[in-house]
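One structure is given here, and the rest of the page talks about it.
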C-alpha cells in the first residue's frame, strides 16, 4: 500500500494502492500512521509520491457510493486525521507529484511544504463541486492556505483541473521537474529544507500554519457537522453514484 525507502537521509513514501491511489479508510490510516512514525525517526525530511501516472485521484468514490452514509461517517474523520497529520508534520514535506492529483489527492499534495510536479505528467485540481460535495473544514483551510487567494473561488467552485504549466502559473505547484528527474529534484529540495535547524523549522512551520489552526478551533466542528450532513444526504449519494456512472465506470 505504501512503499518506504530512505535516500540520503530523506524518507521517500510511494503510494501503491491500486491504479489510482484512491483515498479510502485503509490508505488514509496507513499513510497517517507512517507520518506519525517518521516524527521519531532519523529521517530529516519526507518526500511523498505515487506510482505510475497518478499521484492520487482523491476519495474512492466507488467505495463511498457503495458504502453509503455509514461508510461516509467513518471515512470523513479518518480523512481529517490524514490531512492533519501531514499538514502539521514538524519535518519538511515535499510532494513529488508524478501524475494526476485530483480532489482529495490534490489536497494531500497541498499539505506539503513544497509541491513539485512532473512536466506534462497529469493534471491537478479539486473537483468536489462536480461530484456534488462540499469540502471538509480542514481540506478547505489547507486549500485556502496553499493557493493564491485570488484563485481560491475559481479553484473550489469550477471543478477545473490544470496541466503543469498553468498549474505553476496559478500557484497550484511550486516548480516543474522533468519526469525522470522528479524524485531526485524532490529529494534535493527536501535536503535543502532539512539543512535548517529542526527545532526552528518546526516552530516556524507551525507559526506559518497558525491561522489554519485558529480557524479550525473556531469553526471546524460546526463546519464538519454541516458537511457530513450534506455528504450523507440521500440526494448527495445519488449525485455521487451518477457521477461515478458517468465518469469513472466508462474508464
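Bear in mind these aren't lab numbers, they're just calculated from the coordinates by the rules spelled out. Because the structure is a prediction, the values reported are computed rather than measured. Note: ideal-geometry Cβ built from the backbone for every residue, glycine included; neighbour counts use all protein chains shown.
Summary table below
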| item | result |
| --- | --- |
| Most to least packed among 127-139, 183-195, 91-103 [average Cβ atoms within 10 Å] | 91-103, 127-139, 183-195 |
| Likely footprinting exposure, 53, 221, fewest C-beta neighbours within 10 Å first | 221, 53 |
| Separation of the residue 209 and residue 63 label points, Cα + 7 Å toward Cβ, nm | 2.3 nm |
| Where a label projected 7 Å from the Cα of residue 30 along Cα→Cβ would reach, residues of the range 45-65 with amide N under 20 Å | 46-65 |
| Sequence-separation-based contact order of the range 2-194, relative, with Cα cut under 8 Å and 6+ spacing, percent | 22 percent |
| Efficiency of FRET from Cβ geometry, residue 7 and residue 196, R₀ 25 Å, rounded to 0.05 | 0.85 |
| Rounded if a/c under 1.5, otherwise prolate or oblate - the range 49-115, Cα gyration tensor axes | oblate |
| Viscosity 0.890 mPa s, temperature 25 °C, Stokes-Einstein D of the range 90-217 from Kirkwood C-alpha radius, µm²/s | 162 µm²/s |
| Burial order of peptide ranges 165-173, 153-161 (average beta-carbon count within 10 Å, highest first) | 165-173, 153-161 |
| Distance (nanometres) between label positions extended 7 Å along Cα→Cβ at residue 225 and residue 163 | 4.6 nm |
| Counting DSSP beta bridges with both ends in the range 2-194, the antiparallel % (nearest 5) | 25 percent |
| The range 42-76 and the range 194-242: distance between their alpha carbon centers, rounded to Å | 15 Å |
| Relative contact order, percent, the range 107-160 [alpha-carbon distance under 8 Å, six or more residues apart] | 51 percent |
| Relative contact order (%) - the range 100-251, alpha-carbon pairs under 8 angstrom, separation at least six | 31 percent |
| Over the chain: helical MRE at 222 nm, DSSP H runs n ≥ 4 each giving -39500 (n - 2.57), nearest 500 | -16500 deg cm²/dmol |
